[in-house]
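The values are calculated or read from the model by the stated rules, or taken from the named source; none is laboratory data. Keep in mind it's a predicted model, so treat the numbers as computed, not measured. Here the Cβ is made from the backbone with ideal geometry for all residues, glycine too, and neighbour counts use every protein chain on show. Accessible surface is based on the protein model in full, side chains and every heavy atom, while ligands, DNA and RNA are left aside. Shrake-Rupley method; radii C 1.70, N 1.55, O 1.52, S 1.80 Å.
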Amino acid sequence: MKIPTKIRMTLLLCVISLSMPVKASDGIYWMNSWDPACYENNTNTCRENWYTLAQGSHLIRWEVFKTLESEDSEQLFSARYSLSQYGFLYPEADNYYEATAVYDGSAGERVEQYVSNHQLPIGMVKDQRKDKGQLFYRSYMGLTCAGCHTGKVTYGANTYYVEGGQANVDMFKFLQQLKAALLATKNNPEKFARFKTRFAQYVSLNFDVTAPVSLLAAQKHLDQSIKYVSDYVATTHSSIVNGPTRLDAIGAILNKLHYGHTGQDISQAPLLTAPVTYPYIWDATSLECIQTNCVGFDPLTRNSGEVLGVFGYINLDQDENIPDILELVTQQLGLSFLFEATPKVRNLVELEVAINRANSPKWPATFPALDTALIAQGKTLYSTNCASCHMDTSDGVDQFELTEPNSIGRRFTKVIRVPYDVVGTDEAFAVDYGMRQDKTGILGAVIKQRAGDTIDPATGLSFNEVIPESFSGLALLGVATNIVINNHERTLDFRDQATQTYPNLSVDDAKAALHLDNIAGHTDRPAFVATDYRAKPLNGIAFTGPFLHNGSVRTLKDLLKAPQNRPTSFLIGSTEYDVGGAGYVNAGSFLLDTTIRGNGKEGHTYGTQLSASDKLALLEYMKSM
């Protein structure tokens with residue numbers, strides 16, 4: 001049995017105190033409830049995994065990140081004050097007496113101190129890797145899922161964190177400032193001198209026998225960090241400023257995969273054009289498909305692709321002087337570095353299992369009470385105006401809301417896909433990335449080897465006949481993630497895990513069974529059109545603003561207005577909650593202009609023709625979901 005980070009003593013509380021609502025006035029509290037089975041000795045071990053497991057995301061050498069100054073001051077870039085400016089979250093600054101808290105799966109639990117690693121924000125972790133041929137590990141600072149999928153909601157004196165929600169992080173601004181801090185340290189002799197001294201002190205005080213670092217390696221590690229961070233920033237050059245709450249993740253992943261990982265000139269990567277809000281991810285494993293346009297239909301494929309774009313790496317830099325088929329053979333024999341990759345597949349599975357035990361957030365007792373009569377009226381309105389696309393799973397999943405059984409008998413919550421020109425929302429994501437073509441490269445040879453009958457829509461020819469020079473960038477991303485997963489499943493670690501999990505099966509059957517577990521039973525790809533948008537269930541929707549896929553509508557109340565009557569611009573970045581509109585207040589550091597392509601507020605006119613009283617009832621119901 002895993003020993004929790006902290007063994008807390010559970011105290012017997014009186015019946016009166018148990019019956020009273022939590023008063024979140026001087027602390028930070030979780031808005032989600034969890035499966036009680038996650039708890040051991042008053043510790044949520046699922047939550048512990050969610051916030052501490054590394055996923056193979058390697059942004060910068062660890063020792064550099066911990067000793068680097070900010071660009072324009074001597075303050076550490078990694079200091080709480082510095083990183084909080086970009087929207088990253090922390091537990092409470094001061095320790096509280098945790099023995100008085102009860103952790104049993106209920107919403108309103110106080111945020112534990114251990115969700116922060118090494119005094120860094122939630123979601124930043126120390127990630128280690130030993131590449132082929134290396135004797136020792138190297139340590140990196142990377143992000144884990146929680147960095148982009150933990151929201152914050154404040155209302156008066158109450159502060160809540162939303163697990164699996166939408167971060168308020170301005171990621172691209174963070175990366176740009178990190179690059180600036182690195183370059184300032186290299187180019188300013190006084191900064192560099194302080195950095196070398198601080199680096200040596202840190203290394204000597206934090207010596208790791210499994211990942212040793214020379215006291216004199218400051219210059220080398222700094223240069224390596226500048227190279228990687230600068231290259232990553234180059235893949236995120238955008239025609240549109242993302243700001244907080246939004247990230248052009250798919251565009252960044254495609255650029256990193258098809259330029260950064262292939263050795264192509266990164267400066268030639270296309271500008272990013274389609275930011276999306278960080279998606280809420282509770283119940284994701286139970287859904288028919290996982291991503292905005294269903295390009296990822298099983299959680300492991302989706303999460304492996306995410307790591308490749310979020311500071312992870314796969315070597316796709318083929319040798320042009322060697323025939324592709326020969327290069328694949330040498331890779332499969334372990335004689336080359338081709339397809340070496342950083343995603344930690346086993347951890348990705350554990351992360352998905354962990355967050356799948358969290359429930360969607362509910363309207364807190366510390367917020368103004370909802371009107372039960374309006375909720376009942378709104379539920380009927382939701383059924384007639386919304387449920388044909390967005391399954392209502394807030395009261396459980398009914399049979400008609402499930403897919404037909406797949407090839408192994410598994411059923412999932414339906415996810416309706418709607419063509420972008422039918423829903424009428426901003427086209428940039430669907431058109432620019434759904435239709436994007438990238439250099440096929442060595443991935444074309446992989447398709448020919450594994451699925452040679454795949455047809456190129458542009459020519460009508462199969463890959464067995466001709467490997468096209470360019471192909472769907474999203475499809476090639478799927479090939480890369482499958483390589484990562486397949487390579488993992490050829491390791492001794494996977495074999496050992498499979499035989500230990502299924503000791504009564506043959507090795508091959510045990511590996512097949514573990515593979516099904518890892519993909520959560522998603523064996524059959526649903527129909528996929530790259531220019532469709534998905535409509536997923538809306539439980540917890542009230543705490544996922546701003547709305548539409550690109551965050552172009554501030555509140556649910558605004559979403560029920562005709563597009564021309566929705567605000568043309570508004571501020572984002574505040575975490576203060578608008579209880580009337582259901583969303584964040586019009587405040588913050590970034591002005592979102594919806595007249596810019598990629599930021600459009602058009603479309604999704606469902607419910608906009610309702611009367612004012614019906615809109616009020618529907619809004620009340622969506623707050624309660």
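Going through the range 189-216 one residue at a time, which ones are outside any helix (DSSP H, G or I), open to solvent by 60 Å² or more (accessible area, probe 1.4 Å) and of a type outside the set (Val, Ile, Thr)? Within the range 189-216, ASN206, PHE207, SER214, LEU215, LEU216 meet the criteria. For TYR577, the stated conditions hold: it is in contact (Cβ under 8 Å) with a residue 60 or more places away in the chain, more than 13 Å from ARG246 (Cβ to Cβ), touching a strand residue (DSSP E or B) at 6+ places or on another chain (Cβ under 8 Å) and not in a loop (DSSP other than H, G, I, E, B).
Residues in the range 418-430 that are among the β-branched types (Val, Ile, Thr) and modelled with pLDDT of 95 or more were compared, and the one that is surrounded by the fewest Cβ atoms within 10 Å (Cβ to Cβ) is VAL422. For the range 397-431, which residues satisfy the criterion of being hydroxyl-bearing (Ser, Thr, Tyr), within 30 Å of ILE596 (Cβ to Cβ) and in a loop (DSSP other than H, G, I, E, B)? Listed by number, the list holds a single entry, THR425. The residue pairs whose first member lies in the range 462-482 and is open to solvent by 40 Å² or more (accessible area, probe 1.4 Å), whose second member is in a helix (DSSP H, G or I), and whose beta carbons are closer than 6 Å, counting only pairs six or more residues apart or on different chains, are ILE467/GLY444; ILE467/LYS448.
Just one of ASP283, ASP265 is surrounded by fewer than 21 Cβ atoms within 10 Å (Cβ to Cβ) and more than 26 Å from LEU53 (Cα to Cα); which is it?
Values: ASP283 fails: more than 26 Å from LEU53 (Cα to Cα).
On inspection, the qualifying residue turns out to be ASP265.
Taking the criterion of being among the acidic types (Asp, Glu) and part of a loop (DSSP other than H, G, I, E, B), the only residue of the range 133-171 that qualifies is ASP170.
The rows are residues; the columns are (1) among the hydroxyl-bearing types (Ser, Thr, Tyr); (2) touching a Lys or Arg at 6+ places or on another chain (Cβ under 8 Å); (3) loosely packed, with under 13 Cβ neighbours inside 10 Å; (4) without any contact (Cβ under 8 Å) to a residue 60 or more places away in the chain.
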| site | (1), (2), (3), (4) |
| --- | --- |
| THR403 | yes, yes, no, no |
| ILE416 | no, yes, no, no |
| TYR433 | yes, no, no, no |
| GLN437 | no, no, no, yes |
| ARG450 | no, no, no, yes |
| ILE455 | no, no, yes, yes |
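Across the range 159-177, the number of residues qualifying as over 26 Å from ASP283 (Cα atoms) and crowded, with 22+ Cβ neighbours inside 10 Å comes to 1.
How many residues are more than 28 Å from ILE314 (Cβ to Cβ) and not in a helix (DSSP H, G or I) if we restrict to the range 42-61?
Within the range 42-61, the subset more than 28 Å from ILE314 (Cβ to Cβ) is 42-48.
Cutting the leftovers down to not in a helix (DSSP H, G or I) gives us 42-44.
So the count comes out to 3.
Could you tell me whether ARG129 is touching a Lys or Arg at 6+ places or on another chain (Cβ under 7 Å) and among the basic types (Lys, Arg)? Spell out the reasoning first.
Details: touching a Lys or Arg at 6+ places or on another chain (Cβ under 7 Å): yes; among the basic types (Lys, Arg): yes.
Here the answer is yes, as ARG129 does meet what is asked.
The set of residues in the range 62-81 being crowded, with 22+ Cβ neighbours inside 10 Å and outside any loop (DSSP other than H, G, I, E, B) consists of TRP62, GLU63, VAL64, PHE65, GLU69. Residues satisfying the criterion are present in the range 82-95 (criterion: of a type in the set (D, E, K, R), assigned to a loop (DSSP other than H, G, I, E, B) and surrounded by fewer than 20 Cβ atoms within 10 Å (Cβ to Cβ)). In the range 384-401, the residue that is nearest to ALA542 (Cα to Cα) out of those that are in contact with a strand residue (DSSP E or B) (Cβ under 8 Å, 6 or more places away or on another chain), open to solvent by less than 40 Å² (accessible area, probe 1.4 Å) and hydrophobic (A, V, I, L, M, F, W, C) is MET391.
Has the range 493-510 got at least one residue that is aromatic (Phe, Trp, Tyr), more than 19 Å from GLU352 (Cβ to Cβ), surrounded by 13 or more Cβ atoms within 10 Å (Cβ to Cβ) and within 20 Å of the chain's Cα centre (by Cα)? Within the range 493-510, none of the residues are aromatic (Phe, Trp, Tyr), more than 19 Å from GLU352 (Cβ to Cβ), surrounded by 13 or more Cβ atoms within 10 Å (Cβ to Cβ) and within 20 Å of the chain's Cα centre (by Cα).
Matching residues to (1) without any contact (Cβ under 8 Å) to a residue 40 or more places away in the chain; (2) within 30 Å of GLU92 (Cβ to Cβ); (3) touching a helix residue (DSSP H, G or I) at 6+ places or on another chain (Cβ under 9 Å); (4) not charged (D, E, K, R):
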{"position": "GLN166", "(1), (2), (3), (4)": "no, yes, yes, yes"}
{"position": "VAL169", "(1), (2), (3), (4)": "no, yes, yes, yes"}
{"position": "THR185", "(1), (2), (3), (4)": "no, no, yes, yes"}
{"position": "ARG198", "(1), (2), (3), (4)": "no, yes, yes, no"}
{"position": "VAL203", "(1), (2), (3), (4)": "no, no, yes, yes"}
{"position": "PRO212", "(1), (2), (3), (4)": "no, no, yes, yes"}
{"position": "SER225", "(1), (2), (3), (4)": "no, no, yes, yes"}
{"position": "VAL229", "(1), (2), (3), (4)": "no, no, yes, yes"}
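If you take the residues of the range 223-249 that are among the β-branched types (Val, Ile, Thr) and open to solvent by 20 Å² or more (accessible area, probe 1.4 Å), which of them is farthest from GLN85 (Cα to Cα)?
If we filter the range 223-249 for residues that are among the β-branched types (Val, Ile, Thr), which is where we start, we get 226, 229, 233, 235-236, 240-241, 245.
Retained after the next criterion (residues that are open to solvent by 20 Å² or more (accessible area, probe 1.4 Å)): 226, 241.
On the way: ILE226: 22, VAL241: 17 Å.
If we take residues in the range 223-249 being among the β-branched types (Val, Ile, Thr) and open to solvent by 20 Å² or more (accessible area, probe 1.4 Å), then ILE226 is farthest from GLN85 (Cα to Cα).
Residues in the range 559-574 that are part of a helix (DSSP H, G or I) and open to solvent by less than 10 Å² (accessible area, probe 1.4 Å): how many? Show your work before the answer.
Taking the range 559-574 as the starting set, the residues that turn out to be part of a helix (DSSP H, G or I) are 559, 563-565.
Filter once more, keeping what is open to solvent by less than 10 Å² (accessible area, probe 1.4 Å): none.
Result for the range 559-574: 0.
Within this structure, GLY105 passes the test of being assigned to a loop (DSSP other than H, G, I, E, B), open to solvent by less than 10 Å² (accessible area, probe 1.4 Å) and on the phi > 0 side of the Ramachandran plot.
Can you go through VAL115, VAL111 and tell me which one is touching a residue at least 24 places away in the same chain (Cβ under 8 Å), of a type outside the set (Phe, Trp, Tyr), surrounded by 20 or more Cβ atoms within 10 Å (Cβ to Cβ) and under 25 Å from LEU205 (Cα atoms)?
On the way: VAL111 fails: under 25 Å from LEU205 (Cα atoms).
Being touching a residue at least 24 places away in the same chain (Cβ under 8 Å), of a type outside the set (Phe, Trp, Tyr), surrounded by 20 or more Cβ atoms within 10 Å (Cβ to Cβ) and under 25 Å from LEU205 (Cα atoms) holds for just one of VAL115, VAL111, which is VAL115.
If I filter the range 581-592 down to residues being at pLDDT 95 or above and open to solvent by 50 Å² or more (accessible area, probe 1.4 Å), which single residue comes out as nearest to LYS379 (Cα to Cα)? Once the filter is applied, the top-ranked residue is ASN586.
Within the range 601-615, one or more residues are of a type in the set (Lys, Arg), surrounded by 15 or more Cβ atoms within 10 Å (Cβ to Cβ) and farther than 21 Å from SER394 by Cβ.
When you check LEU381 against the structure, is it farther than 30 Å from GLN55 by Cα, open to solvent by less than 30 Å² (accessible area, probe 1.4 Å), assigned to a helix (DSSP H, G or I) and of a type in the set (A, V, I, L, M), yes or no? When the stated conditions are applied, LEU381 passes them.
When the range 101-120 is filtered for residues that are within 15 Å of PHE88 (Cα to Cα), in contact with a Ser or Thr (Cβ under 7 Å, 6 or more places away or on another chain) and hydrophobic (A, V, I, L, M, F, W, C), only LEU120 remains.
The sole residue among VAL345, VAL353, VAL310 that is open to solvent by 70 Å² or more (accessible area, probe 1.4 Å), in contact (Cβ under 8 Å) with a residue 12 or more places away in the chain and aliphatic (A, V, I, L, M) is VAL353. A single entry from ASN504, ASN518 fulfils the requirement of being touching a helix residue (DSSP H, G or I) at 6+ places or on another chain (Cβ under 7 Å) and either over 22 Å from GLN331 (Cβ atoms) or aromatic (Phe, Trp, Tyr) (or both): ASN518.
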